């Protein structure tokens, strides 16, 4: 994609060719992340790197042209999205090994280490996306409190569609850079593209906010997890047990636990707790002064007032009574 744009001399598309490992290292450290890599035969390197910027988002089409082993540690300010275009890349993240083939992707979390092995045939399209864009989308678009580090769970995407849509979106951005470089230089346009990329990623690749994002309709989980969520939402005033929930959706307790953990990043009980906290928070904000905190908690299925008051403070930074007082 970027290579074709560079060949057409589209403004803003940069090309870099080198057979010197130190020069390649310098360029990619600047464009993606600080790292070190080992090339067994430096003389055999034939690196081809094409890059573009859309505001604070960096797009890099790279091929080393040699077998390389890379050890990277992403900064806390960026998310790195790896999309394989050619070859078979081996990656290690969070203690697990992953193989990336054409049109497969992996997301590296901020401030986390990553190991990569690429052969001479491997080619990647990498996107460095600022964490600030993701948290702005979560906080301002979905109105979810930013109360923990954003983290992506490698290999846990919601099916085969995301890599294909992601690649198509990057191709679209490249085409717009070709057709209207002046328009694509507009900061508001760049911000909207950033928000769109953040929505695609956050809504379809498991992360530390997935369970709350799912409350807003972006649910990538399988049928039994979706059905369990529906029951949780419909049973606000009832006590929910995991054994009873698993029986209602027709799977084992273990399958239900694994489904929630894999696709939402939390256990079923944690999901119940956070859902009721969300409902309580909304009730406190919407209260017209006729109900007190205890009454609102009971309406949200909360009977352990003291414990949930602490949970609430962990999630929203203040006690329920403080939210109610500010609302009044």
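The values are calculated or read from the model by the stated rules, or taken from the named source; none is laboratory data. Please read these numbers as outputs of a predicted model, since none were measured by experiment. Backbone-built Cβ (ideal geometry, glycine too); neighbour counts: all protein chains shown.
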Check your understanding: Can you find even one residue in the range 264-271 that is in a helix (DSSP H, G or I) and modelled with pLDDT under 85?
Key -> yes
Review point. Of all the residues that make up the range 275-294, how many are assigned to a helix (DSSP H, G or I) and either surrounded by 12 or more Cβ atoms within 10 Å (Cβ to Cβ) or modelled with pLDDT of 90 or more (or both)?
Key: 12
Exercise for review: Looking only at the range 256-269, decide whether some residue is crowded, with 18+ Cβ neighbours inside 10 Å and in contact with a strand residue (DSSP E or B) (Cβ under 7 Å, 6 or more places away or on another chain).
Suggested key: yes
Review point. Restricting attention to the range 115-138, does a residue exist that is without any contact (Cβ under 8 Å) to a residue 12 or more places away in the chain and in a helix (DSSP H, G or I)?
Key: no
Exercise for review: Considering only the range 3-40, state which residues are farther than 28 Å from residue 112 by Cα, out of contact with any helix residue (DSSP H, G or I) (no Cβ under 9 Å at 6 or more places or on another chain) and at pLDDT below 90.
Suggested key: 3, 6, 7, 9
Exercise for review: Could you tell me whether the range 192-211 includes any residue that is out of contact with any helix residue (DSSP H, G or I) (no Cβ under 9 Å at 6 or more places or on another chain), at pLDDT 90 or above and closer than 20 Å to residue 130 by Cβ?
Suggested key: yes
Practice item. Restricting attention to strands (runs of 3 or more DSSP E) lying wholly within the range 1-87, give those where 3 or more residues are assigned by TED's automatic domain parsing to the domain that holds residue 135, in contact (Cβ under 8 Å) with a residue 60 or more places away in the chain and crowded, with 17+ Cβ neighbours inside 10 Å. Key: 57-63, 78-86
